[in-house]
Amino acid sequence: MTNNIQHELPPNYEELRKSINRNSNWRERLAAIEELGKWKHERTIDVLLHRMHNDAVYKVQEAAFQKLSNFGEKVQLPPRNKFELIKDTNKVLFRVKKSLPADHTYEAFKEKLKNMRLDLYDTYEGDKGEDFDQWLENAWKTAKRK
């Protein structure tokens, strides 16, 4: 698909750059990578390299890697993070659980987490994919209540 690559800066570069740095929406970052992947320019390559090395959602890292590879860049896909994607995730989950009544439901916990920490919710949803609900419910059950 390298024949569809433009060798200039996209006209909406600033808008795409803002989208690609929006931490609370991995889908928007992924869409921005798809669009930037059509434009081979020094600045788009820099943005894609940064996302490939620094995004918490592995799907986004993979997409940036793929686009850079399509440009002919010599890049290596970073290893998948096996630990917490966001520092102190367990503490945040515990605080959310603690802030709810003792007899709250998983759905109430999920909604409160989404409202309080959309960045955390979105990052893990993007990383876990279809296993997200199972992972979050397990985290909810195991979060210790004093």
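In this structure, the residue pairs whose Cα-Cα separation is over 30 Å, taken from Lys74/Lys110; Lys18/Lys141; Lys82/Lys110, are Lys74/Lys110; Lys18/Lys141. Divide the volume of the convex hull around the Cα atoms of the chain by the residue count and you get 108 Å³ per residue.
Take the Cβ-Cβ distance between Leu118 and Arg43 as r, set R0 to 22 Å, and report the resulting FRET efficiency rounded to the nearest 0.05. With R0 = 22 Å, the Cβ-Cβ based efficiency is 0.20. Using θ = phi - 60° in the Karplus curve 6.51 cos²θ - 1.76 cosθ + 1.60, the 3J(HN,Hα) couplings for the stretch 124-138 round to 6, 4, x, 6, 7, x, 5, 8, 4, 4, 5, 4, 5, 5, 5 Hz; x is entered for Gly and Pro. Accessible surface ranking for Ile45, Ile33, 1.4 angstrom probe, highest first: Ile45, Ile33. Restriction of the GluC sites (Glu not before Pro) in the stretch 55-106 to DSSP coil positions whose beta-carbon has at most 16 other beta-carbons within 10 angstrom yields Glu73, Glu84. Ligands, DNA and RNA aside, Val92 has an accessible area near 20 Å² when probed at 1.4 Å. For the residues His7, His104, a 1.4 Å probe over the protein chains yields an accessible-area ranking, largest first, of His7, His104. Under the combined filter of DSSP loop state and at most 14 neighbouring Cβ atoms within 10 Å, the stretch 49-146 retains these chymotrypsin sites (Phe, Trp or Tyr not before Pro): Phe83.
The Lys91 and Asn138 beta-carbon pair, evaluated with R₀ = 25 Å, returns a calculated FRET efficiency of approximately 0.90.
For the pair Ser99 and Arg22, how long in nm is the line joining their label points, each one 7 Å along Cα→Cβ? Taking the two extended label points, one gets 2.3 nm.
Across the chain, Cα pairs under 8 Å and at least six residues apart give a relative contact order of 23 percent. Taking amide H as placed 1.01 Å from N in the peptide plane, the amide H of Trp39 sits under 5 Å from that of Gln6, each at least 5 places away or on another chain. Sparsely packed loop sites in the stretch 11-66 (the trypsin sites (Lys or Arg not before Pro) outside DSSP H, G, I, E and B with at most 16 other Cβ atoms within 10 Å) comprise Arg22, Lys38.
Decide, for the stretch 57-131, between rounded, prolate and oblate: order the square roots of the alpha carbon gyration tensor eigenvalues as a ≥ b ≥ c, take rounded if a/c falls under 1.5, and otherwise choose prolate if a/b is larger than b/c, else oblate. Cα axes put the stretch 57-131 in the prolate bin.
The values are calculated or read from the model by the stated rules, or taken from the named source; none is laboratory data. Everything quoted here is computed from the prediction, not taken from an experiment. Neighbour counts run over all protein chains shown; Cβ positions are idealised from the backbone, glycine included. Ligands, DNA and RNA are stripped out before the accessible areas are found, and what is left, the full protein with its side chains, is counted by its heavy atoms. Shrake-Rupley method; radii C 1.70, N 1.55, O 1.52, S 1.80 Å.
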